[in-house]
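Heads up, the thing below is written out as structure tokens.
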Protein chains: 2
Amino acid sequence: MNNLEIEFLKSATTIDSSIFPNSKIPNWIQDRRDAVRVLVKEMPLENMRQWKIDESTRNLKHDSGGFFTIEGIKIRTNWGQVSNWTQPIINQPEIGFLGFIAKKFDGILHFLVQAKIEPGNINTVQISPTLQATRSNYSQLHKGKRPRYLEYFNGEVSVNLLLDQLQSEQGARFLRKRNRNIIVEIEPEREIESNEDFIWLTIGQIKQLMRHDNIVNMDTRTVLSGISYGSYSADTLEGLFVLVPGPRRTRLMLESALNRECAFNNFRNIVSWITRIKSTYDLFVERIPIRQVEQWFERNGTICRDDGKYFTVIGVNVSIENREIVSWDQPMIKPAQEGLLAFIVRPINGVYHFLVQAKLEAGNFDIIELAPTVQCLTGNYRTGKNEYSVPYIKEVLSAPQDSILMDAMQSEEGGRFFKEQNRNMIVEVDESFPLEVSENYCWMTLNQMLRLIEFNNYLNISARSLISAISFA
Amino acid sequence: MNNLEIEFLKSATTIDSSIFPNSKIPNWIQDRRDAVRVLVKEMPLENMRQWKIDESTRNLKHDSGGFFTIEGIKIRTNWGQVSNWTQPIINQPEIGFLGFIAKKFDGILHFLVQAKIEPGNINTVQISPTLQATRSNYSQLHKGKRPRYLEYFNGEVSVNLLLDQLQSEQGARFLRKRNRNIIVEIEPEREIESNEDFIWLTIGQIKQLMRHDNIVNMDTRTVLSGISYGSYSADTLEGLFVLVPGPRRTRLMLESALNRECAFNNFRNIVSWITRIKSTYDLFVERIPIRQVEQWFERNGTICRDDGKYFTVIGVNVSIENREIVSWDQPMIKPAQEGLLAFIVRPINGVYHFLVQAKLEAGNFDIIELAPTVQCLTGNYRTGKNEYSVPYIKEVLSAPQDSILMDAMQSEEGGRFFKEQNRNMIVEVDESFPLEVSENYCWMTLNQMLRLIEFNNYLNISARSLISAISFA
């Protein structure tokens, strides 16, 4: 039995803590929100300071050549019904760092979370990792403010590495973007410089906060999703349940997370399913000037479609006032409407199984990634009253209240996406739900998904967002 | 305990078989060789039938638009000492299929191997998988002869899937090329149409053949490398050793393959090592016309460098005569000289550990893949008498005879590479060899490597070639 995995499980099942009790969190967030004044005003792309629209390509880029660009891509694929399209995309080739410092208090792992301001945030501040930094920040290539607590992630301070994975961002919006997700542990006796924007929470506490809309940011969710809690035989599990007793659903979910034996599909068949799809379908992506992107136009200082679908690239002026005033302009992605991300789960052999979708998105690193049962980042899924264009969406939207395990709005990353939120749901279906599914769906236990997450570019960010919110208490 | 893994282990430790005894193999290969007349003549690229040099790009392509093209790429990276270069590369975006049919005889898995002719082969025929097919062959998109035994791989015949993985080809020669590696099992009572080019061998028999030069082709080696034999505790292993007794080295290697507990680096730290390297180093690859490739020229009907380094693109006329005569022209890659692929292994805690190298190659799918300790595909590694430009090569080349576990010449794929062979070695070092290694090297057990192989694009084809030859008997 792996000690670290047990430590993670103990933290995940600790849903309140005397170090920073749940009862104090709302006030702390409100205080952090009140301590700043954030103004975000839409502005025409062409007027942004330090950003330029290239005359020949119409691509958007920063004067420094850094940060990110908005460009076009041209896609060719034999997947799905549309075999060719062009679209704008964010190109940010640098790998960013999302990192937590963890430390044991009273023997339980706590994570140092930050109340962080991002211009696109709903609620102004959201709970974020200890460190969010680009490689340039991290390696201090450019001058500029050194990120707080950097020394725990760059080798200056000796730490115990708990997790270090490469994970993808939204394939429909970013061109092959990935982040490095890290958790480092420091000794319990080590004091860390305190700061009013940072508090220590258990994994269980953070998961509780995800039951509420738009409190925990995407970067936190992706790092937590990578945590696995080990694989055990049924016998060993009996011992663990003494540790974490609970109702039927908790038990089904724990079995799904920890039990390696009762899966409907064995792992070899899951790898084969992925192999078969990657061998059968192509994704050819060519970078093109945004000028050549079809059906998208520069209009009223934005880049958008005539039919208003998908998203609009807007310019914003951001101004943040607390002790000092910081102000800048930047492009952001504004979604056409809210989306829906949902897993259907079904008990099979006494273990929850997730209906996982293989999904091709233009910016994917390796053709397909594994997505939730339903993933509509922008929700044009209703074709009429009770008619939907997306498989399984009806089962999700018409699910009776008592079969909904989770239902909350969660935000996309507030540094690039303007008030973009998606409805995150996990819905249980009963044993009348067919086990037979079409080629691009597959039943998996949570244990199997967590085994895949460890390797890069297997589970997409939507699936990881839902997984992060799964509670074991 | 997983039954399949035990079946694989039984087959791997069965080094002779009454179904097709080792003593008959040399004659069978000689007969297959004698049954054909293969003529391969070098010819100028511009005279090849059905191939064309594009006037504006100077790229080489087939008249049908199919097969593969020879193009240029331009590389930009912060890895190593050369940050920019251009080179010719083979672009073959279709995923090929490499498949074995397996069947139990006397309770032991045997694999249906083929004596296959490839134009680039040393020894004319080499032992190959049951099926080697491109996706076009496989899906019968083009007309043309249906590959033999295809029905066992395309769902027409019901089979038991034993392995199905996506694996990479040479990153220095192919642009992100991958193959689907498959093993399917049929029922022992099922009779298969026999053919004089095909025989049934155990994994152990095939591994024995790899001790000889250029008998077992690359496609066979890559499929076999993906087989894992399970993970066991030290106690369970005791039982297995009754099954496969053997000398000290066999035991060290079996512990390395099967023991999950005694690794020098835990798996989390290995994933972190890969994450760190992929987060730190960039590989930007742009396709360019071969006309723009610097230092490479069209000369005497070939594409080559003035200094003769690396390789030459040549044209060949192939003619194969047995019952009928088949003849075609095609481009091939002719290496400048033989290369060297070698793993250094060292016992740590009673388990062999492999010194694995993270290596960036231009055609890699994901920046780096894991390579042998020493990988010089073309061997310009000698800078003077006893002076070498490549880390650890001296330890390999000056290894005393009794520390060499394996040493044989093995061929690259004979459909694209003209008589290209590399020296494959595994060399044992003792406990005076330093455990501390530089950033791009890492000690791993065979079990850990086999765990990574299951996921695509972790271990490169050179590492897999060496792994395939490891014998447990």
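Quick one: order A:Trp79, A:Trp85, A:Trp28 from most to least accessible surface, probe 1.4 Å.
In descending accessible area the options line up as A:Trp85, A:Trp79, A:Trp28.
For the range B:75-181, which GluC sites (Glu not before Pro) pass both filters: DSSP loop (anything but H, G, I, E, B) and at most 10 other C-beta atoms within 10 Å?
In loop regions of the range B:75-181 (DSSP not H, G, I, E or B), the sparsely surrounded GluC sites (Glu not before Pro) are B:Glu156.
Can you tell me how the range B:275-322 classifies by the Cα gyration tensor, rounded, prolate or oblate, using a/c under 1.5 as the rounded cut?
Judged from the Cα gyration tensor, the range B:275-322 comes out prolate (a/c at least 1.5, a/b above b/c).
Test of the criteria: in the range A:424-473, which GluC sites (Glu not before Pro) are in a DSSP loop and have at most 14 other Cβ atoms within 10 angstrom of their Cβ?
Of the GluC sites (Glu not before Pro), the ones in loops of the range A:424-473 whose Cβ has at most 14 other Cβ atoms within 10 Å are A:Glu431, A:Glu436, A:Glu439.
What share of Cα pairs, in percent, lie more than 15 angstrom apart in the range A:75-171?
74 percent
Averaging the inverse of every distinct alpha carbon separation and then flipping it gives the Kirkwood radius. What is it for the range B:247-314, in angstrom units?
Radius from the Kirkwood sum: 17.2 Å.
Taking a temperature of 20 °C and a viscosity of 1.002 mPa s, what whole-number D in µm²/s does Stokes-Einstein yield for the range B:192-346 with Rh from Kirkwood over alpha carbon pairs?
It comes out at roughly 99 µm²/s.
Under a cut-off of 14 Å between alpha-carbon atoms, report the aspartates and glutamates in cross-link reach of B:Lys419, not counting same-chain residues fewer than 8 places apart.
Filter leaves B:Glu42, B:Glu118, B:Asp213, B:Glu338.
Each residue of the range A:105-119 in turn: what ³J(HN,Hα) in whole Hz from Karplus with 6.51, -1.76, 1.60 and θ = phi - 60°, glycine and Pro shown as x?
10, 6, x, 10, 5, 10, 10, 7, 9, 10, 8, 10, 8, 10, x
What does the C-alpha gyration tensor say about the overall shape of the range A:398-473? Classify as rounded when a/c is under 1.5, otherwise prolate if a/b is larger than b/c, or oblate.
Here the range A:398-473 falls in the oblate category.
Show A:His212, A:His62 ordered by accessible area, largest first, where the area counts protein heavy atoms only and the probe is 1.4 Å.
Descending order: A:His212, A:His62.
Sorted from largest to smallest, which semi-axis lengths in Å does the alpha carbon gyration tensor of the range B:173-266 give for its equivalent ellipsoid, taking the root of 5 times each eigenvalue?
29, 20, 15
List the residues, sorted by chain then number, that are 5 or more residues from A:Met409 or on another chain and whose placed amide H is less than 5 Å from its amide H.
Amide H neighbours of A:Met409, under 5 Å, 5+ apart: A:Asp213, A:Asn214, A:Asn424.
Measuring from the lowest to the highest alpha carbon on each principal axis, how far does chain A reach, largest first, in angstroms?
Principal extents (largest minus smallest coordinate, Cα): 67, 54, 39 Å.
List the pair-distance distribution P(r) of the range B:1-157, using every Cα-Cα distance, as the percent of pairs falling in each 5 Å bin from 0 up to the bin containing the longest distance, rounded to whole percents.
Pair shares across the bins are 1, 6, 10, 12, 14, 15, 12, 10, 8, 7, 3, 1, 0.
Could you list the residues of the range B:169-213 with an amide nitrogen less than 16 Å from a label point located 7 Å from the Cα of B:Asp106 in the Cα-to-C-beta direction?
Label zone hits: B:200-206.
Let's test this: bin the Cα-Cα distances of the range A:315-413 at 5 Å from zero up to the farthest pair and state each bin's percent.
2, 9, 14, 17, 17, 11, 9, 7, 6, 4, 1, 0
Trypsin sites (Lys or Arg not before Pro) within the range A:140-198: which are DSSP loop residues with at most 11 other Cβ atoms inside 10 Å?
Here the trypsin sites (Lys or Arg not before Pro) that fit, given the DSSP loop and packing criteria, are A:Lys143, A:Lys145.
Would you calculate, for chain B, the mean residue ellipticity at 222 nm contributed by helices, counting each DSSP H stretch of 4 or more residues as -39,500 (n - 2.57) and dividing by all residues, to the nearest 500?
-5500 deg cm²/dmol
What shape does the range A:316-366 have by the C-alpha gyration tensor, where a ≥ b ≥ c are the square roots of the eigenvalues, rounded means a/c under 1.5, and otherwise prolate means a/b greater than b/c and oblate the rest?
prolate
Let me check something: with ligands and nucleic acids excluded, how do A:Ser233, A:Ser64 order by accessible area (1.4 Å probe), largest to smallest?
If we order A:Ser233, A:Ser64 from most to least accessible, we get A:Ser64, A:Ser233.
If you average the sequence gap of Cα pairs under 8 Å that are 6 or more apart and divide by the length of the range B:322-384, what percent do you get for the contact order?
Rounded, it is 36 percent for the range B:322-384.
What is the Rg over Rh value, at two decimals, for the range A:113-249, using alpha-carbon atoms and the Kirkwood definition of Rh?
Here the Rg-to-Rh quotient is 1.00.
Over the Cα atoms of the protein assembly as shown, what is the Rg over Rh ratio if Rh follows Kirkwood?
Reported Rg/Rh, Kirkwood definition of Rh: 0.96.
When only Cα pairs under 8 Å and 6 or more residues apart are kept, what is the percent relative contact order across chain B?
Computed over chain B, the figure is 22 percent.
The values are calculated or read from the model by the stated rules, or taken from the named source; none is laboratory data. Everything quoted here is computed from the prediction, not taken from an experiment. When we count neighbours, we look across all protein chains shown, and the Cβ atoms used for this are built from the backbone with ideal geometry, even at glycine. Accessible surface is based on the protein model in full, side chains and every heavy atom, while ligands, DNA and RNA are left aside. Shrake-Rupley method; radii C 1.70, N 1.55, O 1.52, S 1.80 Å.
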